[in-house]
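Pasting a structure here, questions to come.
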Amino acid sequence: MKQVFWSTVMVLLAVCAAQAASFSELQSLLDTDSSIEQLAKALEDPDFDPTADGRLLLLNGTAASITVIDDSAEYFEVLVEIAVGRWTDEEDVQLYRGYAAFFDPAYAGLLGLTSESDRNTALQIGDQLLLIAAPLGTIIDPVDESEVMLFEAVYARPVR
């Protein structure tokens with residue numbers, strides 16, 4: 001968890017330095033307080049609009065699945081299921097999920113889809129993932145037919 005925290009801090013510092021922006025200016029562009037869990041719970045409200053805020057989201061979670069829909073340069077699309085769990089008591093875990101869509105073929109290496117992909121740096125199932133994403137809306141999860149968030153990945157990196 002410390003790695004995720006420090007990786008998040010480093011991303012925020014890099015973005016601030018690159019734009020010479022204050023933290024409040026950064027927060028006008030990037031929601032640093034959202035989480036997969038918070039967004040999943042918000043979906044229970046029928047009036048919740050995940051795209052209304054207009055900001056990018058800083059998220060983290062575990063890559064639970066990677067589904068290649070199309071790995072061609074023209075129609076590149078990969079869905080990564082992001083999961084976060086929280087213990088509800090000594091034996092039960094509540095699972096919260098969302099999907100990050102990768103539409104840019106520049107992510108092929110990160111997703112292990114090129115011959116040059118380094119298996120030590122490519123995202124693998126079970127890896128922690130730091131993600132800056134744009135909310136696209138919701139989809140019906142094929143696993144349990146629940147409504148889950150769909151994001152477009154803007155920046156992603158495994159945290160090991």
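Within the range 58-84, track down each residue that is surrounded by fewer than 19 Cβ atoms within 10 Å (Cβ to Cβ), of a type outside the set (Gly, Ala, Ser) and not in a strand (DSSP E or B).
Answer for the range 58-84, where residues must be surrounded by fewer than 19 Cβ atoms within 10 Å (Cβ to Cβ), of a type outside the set (Gly, Ala, Ser) and not in a strand (DSSP E or B): Asp71, Glu74, Tyr75.
May I pose another question? Just to be sure before I move on: is Ala106 small (Gly, Ala, Ser) and part of a strand (DSSP E or B) in the structure I sent?
no
Of all residues in the range 1-32 being modelled with pLDDT of 65 or more and in contact with a strand residue (DSSP E or B) (Cβ under 6 Å, 6 or more places away or on another chain), which is farthest from Tyr96 (Cα to Cα)?
Leu30
For the range 33-57, what are the residues that are in contact (Cβ under 8 Å) with a residue 40 or more places away in the chain and either touching a strand residue (DSSP E or B) at 6+ places or on another chain (Cβ under 6 Å) or in a helix (DSSP H, G or I) (or both)?
Of everything in the range 33-57, those that are in contact (Cβ under 8 Å) with a residue 40 or more places away in the chain and either touching a strand residue (DSSP E or B) at 6+ places or on another chain (Cβ under 6 Å) or in a helix (DSSP H, G or I) (or both) turn out to be Ile36, Glu37, Leu39, Ala40, Lys41, Leu43, Pro50, Thr51, Leu56, Leu57.
Quick check on the range 112-134: of everything there that is assigned to a loop (DSSP other than H, G, I, E, B) and among the small types (Gly, Ala, Ser), which residue is surrounded by the fewest Cβ atoms within 10 Å (Cβ to Cβ)?
Ser115
Residue check: is Ala134 in contact (Cβ under 8 Å) with a residue 12 or more places away in the chain, of a type outside the set (Val, Ile, Thr) and closer than 18 Å to Val68 by Cα?
no
Specify the residue that is nearest to Thr121 (Cα to Cα); the eligible residues are those in the range 140-155 that are within 16 Å of the chain's Cα centre (by Cα) and touching a residue at least 60 places away in the same chain (Cβ under 8 Å).
Step by step, filter the range 140-155, then rank; the result is Tyr155.
The values are calculated or read from the model by the stated rules, or taken from the named source; none is laboratory data. Being a predicted model, the structure only gives us computed values, none of them experimental. In this analysis, Cβ positions are derived from the backbone assuming ideal geometry, glycine residues included, and neighbour counts consider all displayed protein chains.
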